[in-house]
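Peer 1: The structure's right below; bear with me while I get my questions together.
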Amino acid sequence: MNVKNSSCIRKLAVRTLKKSSKRNIIAVAAIALTTLLITSIFSVAFSFKTASDTFNGRIAGCNADVYFDNLSDSQRDEVLSLRGIKETGEQIRVGMNGDQQFNNRPLEIAYLDDQSMEWCYATPLEGRAPEEYDEVVVDKGLLRIMDLPEETGTTINIPYYSYGDKTPVVGTFEVVGLYEENTIGPCHYVCVSEEYAKSVNGVSRLNLELKGDAMGFMENVLNSTDIDQCGQYQASDMSGTDFESVAIIGVFLLVIGFSGYLIIYNIFQISVVNDISYYGLLKTIGVTGRQLKKIIRIQSLILSAVGIPLGLVLGYFVGRMTSPAIFASTIFAPVANSFSVSPWIFVISCVFALVTVFISCSRPGRIASRISPVEAFRYSEVKTDNKNNKRVSGLSGMAMRNLARNKKKTILVFLSMALPVVILSLGISLANSMSFEDYYSSDYAFKVSNNSYFNYEIPTSVSGHVKDFISDADIENINDELDFKTFGSAYTTAGIPEADGGLFSVVTGIDDVLFDKVDVIEGDIDPLFDPDSDSVAFIADSFVDREVHVGDKVTVDYGYTRFKDSRTGEIIEDEDSLSAVPFKYLDTEKVDNTKEYVICAIVQPSSDLYIGYTFYDSYELLLPASRLEADADGNIYRYLTVFDSPASGDMEESDDAIKEYCEEHGLMYRSAVTERIEFNNYEGAIRKITITLCVVLLVIGILNFINAVLTGILTRSHEFAVLKAIGMTDRQQERVLIAEGIIYVMGSILLGTAVYTILHFPFTAFFADMDYIDPHFSLVPITAIALVFAVFGILIPYLVYSVVKRKTVVERLRINE
């Protein structure tokens, strides 16, 4: 017989579900909790991608993908007709002001349409976009630097060099809009009206956001049109897969999925065991095993329809709250508030949660579908193996025997409760093992430069010129205020010179006073200070794929390409001027300059002077700054200045003074104070993540424990009634159940401790290369969790049995009759 009435099956599923409201609440909570964790992880993962893109866009100054300058109408139409364009934006570049007073970031005077304003992070938060001839939108930071009121209606005078007319101009404007300063961007955008930009012969630029790969689109443009020049805003390709991040997210999802599986599985197991007689009766009237499975699936869908949306919403907000704390301790701190609102967060999280629910209810569904009506009538969840029965003495022995009757369920509860023990122990071990003294060691009190240095950017050299990251005036002002005992600067070449065999080379020049902190490993550095010498020092940790010895010769090519505007014959010395000249008017000439050196020493300079980048299989060489300047024909730039202890000896006061100066002049600095703040943020982020994950897993473990106790008591209520009928007291039965709870606690703690002990050694080895991390084995977190588990191990069995014992022995004996 086969009941084919689907509506009847649905009614049975719903009505069966309704009669277990308390169990339903626990099931919904478990599904919501699992979904919350999954959603929060995907929220952080997607937000990481958003923060990364935003960070790169802000550094580039524009979040578009590619741009085209000076296009004719026909060329513009050709570009826009190509496939793969998502959005377009208009820009007319008017001119620039590179004065150092603007925080060492030039002013870019330009017209931007609404889309380009959004891409350039220049959308007005106060006021509106410029419409009239003399109206502008600026950032608040610029007004602050110019000591002007940070409000609309302010009159501002801006001198600049015109790209179109190649002449200095002073514009007088009224501020009609303000936007937040892009503190890590390459420039301050001064957004003028379209009317003004066209009146001064500005350089037109078409900005594009693409659907796919930028390099492929650019190649298509160059191959299929007569356009011979296009640019890309972000050179870094963020489309590649970060396998390390994917692996970490995968591990988290496996842990959470397994934890969710344990609790949801136990809930449906309870449901089936409690209603097994009911399912048996349904079978006697013709309901098939497949239809019984369908009933359980419908119940799981109904519970998921409540639990999953709740988990998605809560998980989204949890992810939104935790992302800034995580990003604040990384390189993405300037964009820590970036958060993804991608619908894929909810789609993927929902699918993952549903899969977890269906896997969890599959085995209970099989039990219900396979059991016969007769077996269902006397089903007690466990199979007794009479061959292995052994006599046990005492209530604790009886508790042990009870748990051994269903080893699979007992092991699942052990695993669920052991997970937070392992996670908390490893996480706290990591956080407590971090030493700031080992993390930060410096030869100098302060390092000062601009954001390009601290963001590890390689500046573009135009005709052998790169602007100093920190000016002579800045160094003089800082030293005049604080009177440092020692200070000096580090320099490098404008452009990346080549060495023997076409290898890249990084040549650093430092002031003579900084050689006191240079460790000489082999040879002698005295020849370096002879201005007529051809000696050079080789830096020991260079990534060069060959042996280098004192006395070896190396040739460095300091040559560069010089750009000229063929219309005027002027040499172009900066990137903005270069991009403003149409490609057909660019003349280039190669300036040759090679120098042969003899390595006089192998050295290791102070790590504080690290230039911020290196190349595989490349020479890293060291010279006095004066010699590098002479050898490179003056084409060098200062990338860093370091300061030793101030004469006053007050480091905190000096730190505050340098911080204030850097904020006012667009510089950045590092010191023990700033490094400790970053270190504490990093350490705090690890603690927050560990404790949050542990608390959630702890809740899941406790819920699993509650489910296990409920299952054990409810499925054995008839057995307990028989024991009471033959003389066992309620007090003795309570002690048996409490003993079972304590065994659960001890088993999970012992299992967690064993796993933690086993994992501690590879965990420590994983951080072996990090001198400031030395994880210590500690039982304190385990002890703390053991106390929490012990309370629940005693309390839960007592409370559950106190409800069961309210029924008389006769009532409990009649449950299966």
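Peer 1: Please name all residue pairs, on different chains or six or more residues apart, with Cβ atoms under 9 Å, provided the first residue is in segment 612-627 and is within 19 Å of residue 447 (Cα to Cα) and the second residue is modelled with pLDDT under 75 and outside any strand (DSSP E or B).
Peer 2: These pairs meet every condition: 612/455; 612/456; 612/457; 612/458; 613/456; 613/457; 613/458.
Peer 1: Pairs needed: first member in segment 438-451, under 8 Å from residue 608 (Cα atoms); second member anywhere, outside any loop (DSSP other than H, G, I, E, B) and of a type in the set (Phe, Trp, Tyr); C-beta distance under 9 Å; at least 6 residues apart or different chains.
Peer 2: Pairs that qualify, where the first residue is under 8 Å from residue 608 (Cα atoms) and the partner is outside any loop (DSSP other than H, G, I, E, B) and of a type in the set (Phe, Trp, Tyr), are 444/487; 444/643; 447/453; 447/454; 447/643; 447/669.
Peer 1: In addition: Does residue 600 fit the bill of being part of a helix (DSSP H, G or I) and of a type outside the set (Val, Ile, Thr)? First the steps, then the outcome.
Peer 2: Working: part of a helix (DSSP H, G or I): no; of a type outside the set (Val, Ile, Thr): yes.
Answer is no for this residue.
Peer 1: Identify, please: which residue in segment 175-209 is at pLDDT 85 or above and either acidic (Asp, Glu) or surrounded by fewer than 19 Cβ atoms within 10 Å (Cβ to Cβ) (or both) and is, among those, nearest to residue 90 (Cα to Cα)?
Peer 2: Here the residue is 204.
Peer 1: Scan 721, 765 and give me the residue that is small (Gly, Ala, Ser) and either outside the structural domain of residue 426 (by TED's automatic domain parsing) or at pLDDT 80 or above (or both).
Peer 2: Testing whether each residue is small (Gly, Ala, Ser) and either outside the structural domain of residue 426 (by TED's automatic domain parsing) or at pLDDT 80 or above (or both) leaves just 765.
Peer 1: Starting from segment 763-784, take each residue that is part of a loop (DSSP other than H, G, I, E, B) and list its partners that are modelled with pLDDT under 75 and surrounded by fewer than 14 Cβ atoms within 10 Å (Cβ to Cβ), counting only C-beta distances under 7 angstrom and pairs at least six apart or across chains.
Peer 2: Between residues of segment 763-784 that are part of a loop (DSSP other than H, G, I, E, B) and residues that are modelled with pLDDT under 75 and surrounded by fewer than 14 Cβ atoms within 10 Å (Cβ to Cβ), the close pairs are 771/438; 772/438.
Peer 1: Out of the residues in segment 605-631 that are charged (D, E, K, R) and under 33 Å from the mean Cα position of the chain (by Cα), which is modelled with the highest pLDDT? Even if it seems obvious, please write down each step before you answer.
Peer 2: Applying the first criterion (charged (D, E, K, R)) to segment 605-631 yields 608, 617, 620, 627, 629, 631.
With the extra rule that they be under 33 Å from the mean Cα position of the chain (by Cα), the set shrinks to 608, 617, 620.
Working: 608: 85, 617: 65, 620: 88.
Out of the qualifying residues, it is 620.
Peer 1: Which is surrounded by 15 or more Cβ atoms within 10 Å (Cβ to Cβ) and touching a Leu at 6+ places or on another chain (Cβ under 6 Å), of 466, 507?
Peer 2: On the way: 466 fails: touching a Leu at 6+ places or on another chain (Cβ under 6 Å).
None of the others qualify; the one that does is 507.
Peer 1: Can we say residue 505 is in a loop (DSSP other than H, G, I, E, B) and of a type in the set (S, T, N, Q)?
Peer 2: On the way: in a loop (DSSP other than H, G, I, E, B): no; of a type in the set (S, T, N, Q): yes.
Spelling it out, it is not the case that residue 505 is in a loop (DSSP other than H, G, I, E, B) and of a type in the set (S, T, N, Q).
Peer 1: More than 30 Å from residue 470 (Cα to Cα) and either without any contact (Cβ under 8 Å) to a residue 12 or more places away in the chain or not in a helix (DSSP H, G or I) (or both): does that describe residue 25? Even if it seems obvious, please write down each step before you answer.
Peer 2: Details: more than 30 Å from residue 470 (Cα to Cα): yes; either without any contact (Cβ under 8 Å) to a residue 12 or more places away in the chain or not in a helix (DSSP H, G or I) (or both): yes.
It is true that residue 25 is more than 30 Å from residue 470 (Cα to Cα) and either without any contact (Cβ under 8 Å) to a residue 12 or more places away in the chain or not in a helix (DSSP H, G or I) (or both).
The values are calculated or read from the model by the stated rules, or taken from the named source; none is laboratory data. The model shown is predicted, which means the values in this text are computed figures rather than measured ones. Quick reminder, even Gly has a Cβ in these numbers, built from the backbone with ideal geometry, and neighbours come from all protein chains shown.
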